[in-house]
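The values are calculated or read from the model by the stated rules, or taken from the named source; none is laboratory data. In this text the structure is predicted, and so the values were computed from the model without any measurement. Cβ coordinates were reconstructed from backbone atoms using ideal geometry, including for glycine residues, and neighbour counts include every protein chain displayed. When the accessible area is computed, the model is the full protein with side chains, heavy atoms only, and any ligands, DNA or RNA have been set aside. Shrake-Rupley method; radii C 1.70, N 1.55, O 1.52, S 1.80 Å.
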Amino acid sequence: MENIRTISRGIDLLIFLNRAGSSTGSHIASQLGLSRPSTYRILETFEICGLVRHCAVDNKYSLAWPARTLCSGLTDRSRVLCIATPLLYELQKKLQWPTDLATHENGEMVIHESTHSISPYSIETRMVGSRHPMLLGSLGRAYISFCPDDEREEILRQFLPRCTGGHDYFASRTQIDRMIDRTRADGFGSRDRDVNSKTSSIAAPIRVGGRVLACMDVSWISSAMPFAEAIAKFYPALQGACRTVERRLLKDTLLGSDVDEPLMVNAV
């Protein structure tokens, strides 16, 4: 009976992490009504088995890729978030400035992971779960500039008012096209004091098979450094993190696919 109870607790823990995304061991214990020693023993066992990953930066646990493959209806979104999240924290640790990871949803960018809460230079709070009009931030500008042409046209056709958030920025298609051309030439989406004069940011796409699965950004206080200096300082590391995610996504796709021809990763 004890073995059955242990297995049952382990399953409950995996279900909880699948819903919560990430959590500390003490919070998991309180939510599941388990003792802390039992919770940490289960977590350590799952970590050894490769089912759970521990992030030393925020002391939180999350499901690792092998555990997520057990979920029915596994999506590209869950796959990219699983792989990119640890790299997001590594990027913040290297640059110190806050970083975010977001995906597109109905003309808006939804932030799924953020390091604003741990960055010593952040002036933003409660970023996780926040939604941002696509054309008003670097994350959305990166997404719409690098996604396939037919997807871009469909987004603008269905969600243009939501993309602009009611602001006058990019009121005409000519302005949008100019922004897209500039973003493609730069290799990253950017926001330089517009919309929010206190902060600036750049974002790079994470692309596999011609599609943009997510975007990652780094933001800074505009008065802290000139925009050009920030680009030179931040973009190489940001681009490197996104390319690492793409390589790992491609590797996992090839390992888990019966298709002979691999997906191609698009370089910026």
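Add +1 for every Lys or Arg and -1 for every Asp or Glu among the other residues with Cβ under 13 Å from the Cβ of Lys198, and state the total. Walk me through the intermediate numbers first.
Details: positive: Arg191, Arg193; negative: Glu124, Asp192, Asp194.
Residues close to Lys198 contribute a combined charge of -1.
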Per residue, how much accessible surface does the range 11-50 expose to a 1.4 Å probe? Answer in Å², no decimals. 58 Å²
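Add +1 for every Lys or Arg and -1 for every Asp or Glu among the other residues with Cβ under 13 Å from the Cβ of Asp177, and state the total. Could you put the intermediate results ahead of the total?
Details: positive: Arg141, Arg152, Arg173, Arg178, Arg182, Arg184; negative: Asp149, Glu153, Asp181.
With Lys, Arg at +1 and Asp, Glu at -1, the neighbours total +3.
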Based on the mean of other Cβ atoms within 10 Å per residue, sort peptides 119-130, 135-146 so the most packed one is first. 135-146, 119-130
What's the tally of Lys pairs in the chain whose alpha-carbon atoms lie under 24 angstrom apart, where the two lysines are 8 or more places apart or on different chains? 7
Name the residues whose placed amide hydrogens come within less than 5 Å of the amide hydrogen of Ala214, ignoring near sequence neighbours (fewer than 5 apart) on the same chain. Ile206
Amide H within-cut-off set for Met109, under 5 Å, with H built and near neighbours excluded: His132, Met134
Per the 1.4 Å probe, what fraction of the accessible area of the range 49-201, in percent, lies on carbon and sulfur atoms? 48 percent
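Quote the charge dipole size of the chain about the Cα centre in Debye, to the nearest 20; the model charges only the Cβ of Lys and Arg (+1) and of Asp and Glu (-1). Intermediate values should be presented prior to the final figure.
Details: 32 positive and 30 negative charges, 122 e Å.
Roughly 580 debye, rounded to the nearest 20.
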